Amino acid sequence: MQAAVGAGHAVGLLSSEGFRSSVAEELPPEAEFLGAGATPGEFSEEAARRAGADVFHPTPPVIGEIFGGARVDLGIEDSLAQPTAWAPDLVFAEPFDAIGPIVAARLGVEWHRAGIGPALPSVITDEIERVASTRCDSAAASSYLDPCPPQLQDPEWSAGIPVWAVRPQAHRRPKDLAFALPDFGERDKPTVLVTFGTIFSDPAPLSAAVAAVADTGANVIATLGSSLRLPTAGETLRTDSANVRYVPFVPLAQLLERVDLVVGAGGVGTVVGTLAHGLPMVLWPQGADQPINAARAAASGTSITVDSAAEIAAAVAKVSENGEYRRRAREIAGEIASRPEPAAAISGITVHVR
């Protein structure tokens, strides 16, 4: 979006109206928010009711029902009305989004897949497309924007369509967020960021991870995040101590500038953003696509995957003491820095539009 705005294009973000206030400060000021459709909480709850399954630990058929079924059923009418009035010349859609391709087909414009990290297994993307196809017609993507460095990508993956390599970065708002973070008493110790992202920050695992890292003697910055299952979870977690500081939501890039290592759940934004900063990780997957991302990060030699909070302290110590993890992370950061800016892909894609 920032690259498209910079090139002088009109840009709109089609997402749930319930996200308007949350997204307002994240968008480039020139981008227009097009509110339509259900929130993730709403369509996930509907998918859980239909499938009788845990949507936080889903099988491919359940993922298909979440994104290709319930989300489409609850949001397609509003989602078609907004862009029809806005009249885009092309559409970008991320891998879980079945509505974008439907909108593009209905408007007769091309669409492009915008990757968000390691490519999803075809068993997942195929199921989303299969379920969505029983609702509405869509066309194939014209190209794939790939922000994933090759060290994180499945070596057997192929997009099957033209690929634009793009440089990813940790999330940063158009204007940095001011936040206070008191100094730690012992500055000579490593500082570790503990973040479970914006969905899986439930109190029990987050508190256990913070305690495990604090027990190593490291200084800890922990994000309260948010939780679909427990929206008020952060209200009960803020118990700062001598070497622990809790912070509310802060764009990841601003936090990464202050730490030496990251402990997380394996969300794609955290994994790719952390590696863009050349930092190693310890990952404790909680659900969704996190096991996939954690496995690819471990295979790249930049992180250790653990199965419980009891394993975190030893993993943090190993990653801190073994310089190979940091060396590999910095190597991947160099690869990321060498990738083309998103503006190159936007220019190449839009040159033939109108």
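The values are calculated or read from the model by the stated rules, or taken from the named source; none is laboratory data. Quick caveat, the model's predicted, so the values are computed rather than measured. Cβ coordinates were reconstructed from backbone atoms using ideal geometry, including for glycine residues, and neighbour counts include every protein chain displayed. These area figures cover heavy atoms from the full protein model, side chains too; ligands, DNA and RNA do not enter into them. Shrake-Rupley method; radii C 1.70, N 1.55, O 1.52, S 1.80 Å.
DSSP beta bridges in the chain, what fraction antiparallel, as a percent rounded to 5?
Details: 2 of 33 bridges.
Roughly 5 percent of the beta bridges in the chain run antiparallel, per DSSP.
Set the Förster distance to 45 Å, then compute FRET efficiency between ASP188 and GLU17 from the Cβ-Cβ distance, nearest 0.05.
The computed FRET efficiency comes out at 0.40.
Taking H as built 1.01 Å from N, whose amide H comes closer than 5 Å to the amide H of ALA222, not counting residues under 5 places away?
VAL194, ARG245, TYR246, VAL247
Taking every Cα atom in the chain, find the radius of gyration and the maximum pairwise distance Dmax, and write them in Å.
Over the chain's Cα set, Rg and Dmax evaluate to 20.3, 60 Å.
Taking the Cα atoms only, what angle lies between the long axis of helix 312-321 and the longest principal axis of the chain, rounded to 10 degrees?
So the helix axis and the longest Cα principal axis differ by about 80 degrees.
If you count only protein heavy atoms with a 1.4 Å probe, what accessible area per residue comes out for the stretch 297-340, rounded to a whole Å²?
Averaged over the residues of the stretch 297-340, the accessible area is 47 Å².
For a quick check, take a GNM of the chain with Cα springs below 10 Å and name the residue from VAL23, VAL210, VAL263 with the largest mean-square fluctuation.
VAL23
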